[in-house]
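Just below is one structure, and these are the notes that go with it.
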Amino acid sequence: MQIACPYCGARDAQEFAYLGDATLQRPDTSAADAQNAFHDYVYLRDNPAGAHQEFWIHSAGCRRWLRVSRHMTTHKITATQFVCDAEVAS
Amino acid sequence: MRYSLLNVIVNGLTGNRYTGPAWRDASPKPQYDVVIVGGGGHGLATAYYLAKEHGIRNVAVVEKGWIGSGNAGRNTTIFRSNYLLPGNEPFYEWSMKLWEGLEQELNYNVMVSQRGIVNLIHSDAQRDAYVRRGNAMRLAGADSELLDRAQVRALAPYLDFDNARFPIKGGLLQARAGTARHDAVVWGYARGADQLGVDIVQNCEVTGFLRDASGAVTGVETARGTIRAKKVALAVAGSSSRLAEKLDLRLPIESFVMQAFVSEAIKPLAPGVLTFGAGHFYISQSDKGGLVFGGDLDGYNSYAQRGNLPVIEDVMEGGMAVMPLLGRLRLLRQWAGLCDMSMDGSPIIDIGPLPNLYLNAAWNYGGFKATPASGWCFAHTIARDEAHPLSAAYRIDRFRTGHLIDEKGVGAQPNLH
């Protein structure tokens, strides 16, 4: 599997380290139901058998965090962008 | 038909005319007391113990493909009870005791072979950790024995004892651990359950669930029609999230693939199961002679049921580091299974989270050894609507209450377990 790093180009996935689901939003610690919200945030996952948004870091390359769209049954990657750009866009 | 020596002789002399199928390939009835989704080892063991121990015989096991076609056919067939934590060790030790009597219980040759497991020790700190583990095992009634270097050398003289980075300094032996024939476990439980009246329905993928107005689960929609049930039990580890999604549930699970490998067949070499303590590599030898081995998960979420090359290289490096003679063997086969990786690396056996629903999931990469006890405890949970004392720690609400069973202690990061 190769991941197309926007800075370094297409590189072997071995150069990257994996963090996981990129759709989780850290809850507000001061909210009334923060305890429940943090349980869901830390432990529960959609774990889809289809398209998955996930964080990777190019740890043996430019060391930047990436947001990757990858399919869970085919491993086909449809989009790769820097996390900072992804957050500006959304 | 009860299998016996007389039976073998009579059938052998008469052209095997009196042998029939070991179980019926049933068609689904419209209604059951219990429908178990998943015809792997865990689902079939659950059905068997429901019928045998709890007298609930109006049961169907529905399976997407053929029984044993999922992870029951993709593991490395090892059973052991060398766990550390009190939530785990008594459960796995009960599983060990069930393995020891399984062939007599099922009247079926599941080829249980208690050939032992040795966890190799490479440093003083690791020896301390294994002494602690061995003591914890003994507290739970399991057997453990600390081996020094000479004792390990007597068992497996071909290991790389004087490796510059990872010299072998000893090992922790559990002599009662061993291997079994994975398909025979599935077939044995299927035959046992069938004889007690359980319907085993193959090629019957669950496509949805029936719910009443209160949200309770009242049955399943399948490829072979609607089946109503008073209780629906999920035993589909590897695909738990896929079925949970149909119930609008999110589980503390991510799916990963785990690879396993078999070499060409050679004469008897490995005395039992050997595990490398400085990397992640374990190896045993099948009765056909092939060396069966594996290592780490592929490190990212996947439902692909196939592995990638970097992990193959990593496993081979681990193998070569501890057992250099492997380099002279050809790799025969490689495959991958889907693992429900839970957030603390331990399984889930529980009632709910919806009314009439029962959940058996998250076996990580260690479900095979648990097959008998998983069925035993899950059957108890379904029949009595209460947790079995041995699986009481496997409740799903442990993530909410903080009672995690983090055997490896890496936190909510499933790719690292």
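Values quoted throughout were computed directly from the atomic coordinates according to the rules given, and no laboratory measurement underlies them. Everything numeric in this text was worked out from a predicted model, so none of it was measured. Cβ sites come from the backbone with ideal geometry, for glycine too, and all protein chains shown count toward neighbours.
Absence of a disulfide-compatible partner, taken as no other cysteine beta carbon within less than 4.7 angstrom, is noted in chain A for A:CYS62, A:CYS84. Among B:LEU120, B:LEU196, B:PRO86, flag the residue with its Cα farthest along the positive direction of the charge dipole of chain B, charges on Cβ as +1 for Lys/Arg and -1 for Asp/Glu. Checking the options against the dipole of chain B, the answer is B:LEU196. Centre-to-centre separation between the Cα atoms of segment B:386-401 and those of segment B:85-149: 23 Å.
A Cβ-based charge dipole, computed about the Cα centre of segment B:187-244 with Lys and Arg at +1 and Asp and Glu at -1, lands at about 100 debye. Can you pull out the trypsin sites (Lys or Arg not before Pro) in segment B:290-343 whose DSSP state is coil and whose Cβ has at most 16 other Cβ atoms within 10 Å? Sparse-neighbourhood loop trypsin sites (Lys or Arg not before Pro): B:ARG306, B:ARG330.
Helix B:41-54 and the long axis of chain B differ in direction by around 60°, with both axes built from C-alpha atoms. Annotation note: trypsin sites (Lys or Arg not before Pro) in segment B:217-292 located in DSSP loop regions with a Cβ neighbour count of at most 16 within 10 Å are B:ARG224, B:ARG250, B:LYS288.
How much mean residue ellipticity at 222 nm does chain A get from its helices, if each DSSP H run of length 4 or more adds -39500 (n - 2.57) and you divide by all residues, to the nearest 500 deg cm²/dmol?
So the calculated ellipticity at 222 nm is -5000 deg cm²/dmol.
When only Cα pairs below 8 angstrom with a gap of at least 6 residues are kept, segment B:89-220 shows a relative contact order of 30 percent. Using Cα atoms only, what is the angle between the long axis of helix A:34-43 and the major principal axis of chain A, expressed in degrees (0 to 90) to the nearest 10? The answer is roughly 30 degrees. The distance separating the Cα centre of segment B:67-83 from that of segment B:204-248 comes to 25 Å. From the P(r) of segment B:296-417, can you give the percent of Cα pairs sitting at distances over 24 Å? When all Cα pairs of segment B:296-417 are counted, 42 percent exceed 24 Å.
Within straight-line reach of B:LYS231, meaning a Cα separation under 24 Å, sit the following lysines at least 8 residues removed in sequence or on another chain: B:LYS29, B:LYS52, B:LYS64, B:LYS246.
Taking the Cα centre of the protein assembly as shown as origin and assigning +1 to Lys and Arg Cβ atoms and -1 to Asp and Glu Cβ atoms, the resulting dipole is close to 1100 debye. Using a 10 angstrom Cβ neighbour count of at most 11 plus a DSSP loop assignment to flag exposed trypsin sites (Lys or Arg not before Pro), which longest range of chain A is free of such sites? That gives A:1-62 as the longest site-free run.
Along its first, second and third principal axes, ordered by size, segment B:364-417 spans 34, 27, 13 Å in Cα coordinates. The residues packed around B:GLY272, meaning those with a beta-carbon under 11 Å from its beta-carbon, carry a net charge of +3 if Lys and Arg are +1 and Asp and Glu are -1.
Projecting the Cα positions of B:VAL273, B:ALA304, B:SER342 onto the charge dipole of segment B:251-350 (unit charges on Cβ atoms of Lys, Arg, Asp and Glu, taken about the Cα centre) puts B:VAL273 furthest along the positive direction. Relative to the current alpha-carbon distance between B:SER123 and B:LYS97, full extension at 0.36 nm per residue lengthens the span by 6.2 nm. For chain B, take the longest principal axis of its alpha carbons; what is the angle in degrees between that and the long axis of helix B:182-195, to the nearest 10 within 0 to 90? Long axis of B:182-195 versus the principal axis of chain B: about 30 degrees. Our note on the geometry: Cα centres of segment A:1-78 and segment B:174-192, 38 Å apart. Note: relative contact order over segment B:262-417, using C-alpha pairs below 8 Å and six or more positions apart, is 20 percent. Projecting the Cα positions of B:GLY12, B:THR381, A:ALA10 onto the charge dipole of the protein assembly as shown (unit charges on Cβ atoms of Lys, Arg, Asp and Glu, taken about the Cα centre) puts B:GLY12 furthest along the positive direction.
Working from Cα pairs under 8 Å separated by at least six residues, relative contact order for chain A is 28 percent. In a reduced charge model with +1 at each Lys and Arg Cβ and -1 at each Asp and Glu Cβ, chain B shows a dipole moment near 740 debye about its Cα centre. In terms of its C-alpha gyration tensor, the protein assembly as shown comes out oblate, because a/c is 1.5 or above while a/b does not outweigh b/c.
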